[in-house]
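> The structure's right below; bear with me while I get my questions together.
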Amino acid sequence: MDQPRLLSMSESTKEAVEVIGKLWLLTAALFTLCMQAGYALNESGMIRKQNSLSVLSKNILNIAITAIAFLTIGYGIANGDVDGGVIGSKYYFANNLEEDDHYFTWLLYCAVTSLVSTITSGAIAERMRVNVFLVFSFIISGVICPLIIAWTWGKGWLNTMEFQDNGGSMVVS
């Protein structure tokens, strides 16, 4: 919400709005993480039976690698005071996340970033070794996707040119 409306509300109403906002971010992140199961089952259904277990384990490792990459460098690039620039300037290695209360935003952005690398893993199923894919996943979720998030959702240079992202369709695809 914008600041003038929040100033006219009572303290309990402000707290309720903040709690509802955090619950919404948590719900959206959990729904997005549940999509991982659908993509994993879709991917394992499109490959040979002998490789389905490795594809499922690769998708679980992808979530872990994405969480590490996005926590260490990705969120700092994506949402660390971009202010019309190219990359953010804070929140690297989870610094100041607690002070600025960004945990729920981090979770949602991490879930979206994890989906991006999971979608690309379906295209390379049975064509790439797992260790190479994990490096690919780290680069996608730690650098490439956070750059796009910074430019659009993080108030970067595209946002200053009045770029509009309809429902996240540009960032995810």
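> Output the residues belonging to segment 100-127 that are part of a helix (DSSP H, G or I), in contact with a helix residue (DSSP H, G or I) (Cβ under 9 Å, 6 or more places away or on another chain) and without any contact (Cβ under 8 Å) to a residue 24 or more places away in the chain. Break it down stepwise before answering.
Of all residues in segment 100-127, those part of a helix (DSSP H, G or I) come to 100, 103-123.
The next check asks that each one be in contact with a helix residue (DSSP H, G or I) (Cβ under 9 Å, 6 or more places away or on another chain); those that pass are 103-122.
The answer is Tyr103, Thr120.
> Return the pairs, sorted by first residue and then second, in which the second residue is in a helix (DSSP H, G or I), the first residue lies in segment 128-143 and is over 26 Å from Asn79 (Cα atoms), the beta carbons are less than 7 Å apart, and the residues are 6+ apart or on different chains.
Taking only residues 6 or more apart or on different chains, the pairs are Val130/Ser54; Val130/Lys58.
> Tell me, yes or no, whether segment 67-74 has at least one residue that is open to solvent by 60 Å² or more (accessible area, probe 1.4 Å) and more than 13 Å from Leu108 (Cβ to Cβ). Before you say what the answer is, go through the steps one by one.
Within segment 67-74, the first condition is being open to solvent by 60 Å² or more (accessible area, probe 1.4 Å), and the residues that meet it are 68, 71.
Retained after the next criterion (residues that are more than 13 Å from Leu108 (Cβ to Cβ)): 68, 71.
Within segment 67-74, one or more residues are open to solvent by 60 Å² or more (accessible area, probe 1.4 Å) and more than 13 Å from Leu108 (Cβ to Cβ).
> Could you grab me the full set of residues in segment 116-133 that are open to solvent by 10 Å² or more (accessible area, probe 1.4 Å) and closer than 22 Å to Ala29 by Cβ?
Residues satisfying the conditions are Val116, Ile119, Thr120, Gly122.
> With the checklist (1) modelled with pLDDT under 80; (2) part of a helix (DSSP H, G or I) in hand, flag the one item Leu147 doesn't pass.
Leu147 satisfies all of (1) modelled with pLDDT under 80; (2) part of a helix (DSSP H, G or I) except (1).
The values are calculated or read from the model by the stated rules, or taken from the named source; none is laboratory data. Not measured: the values here are computed from a predicted model. FYI the Cβ positions are ideal-geometry reconstructions off the backbone, even for glycines, and counts take in every protein chain you see. Accessible surface areas use protein heavy atoms only, side chains included; no ligands, DNA or RNA. Shrake-Rupley method; radii C 1.70, N 1.55, O 1.52, S 1.80 Å.
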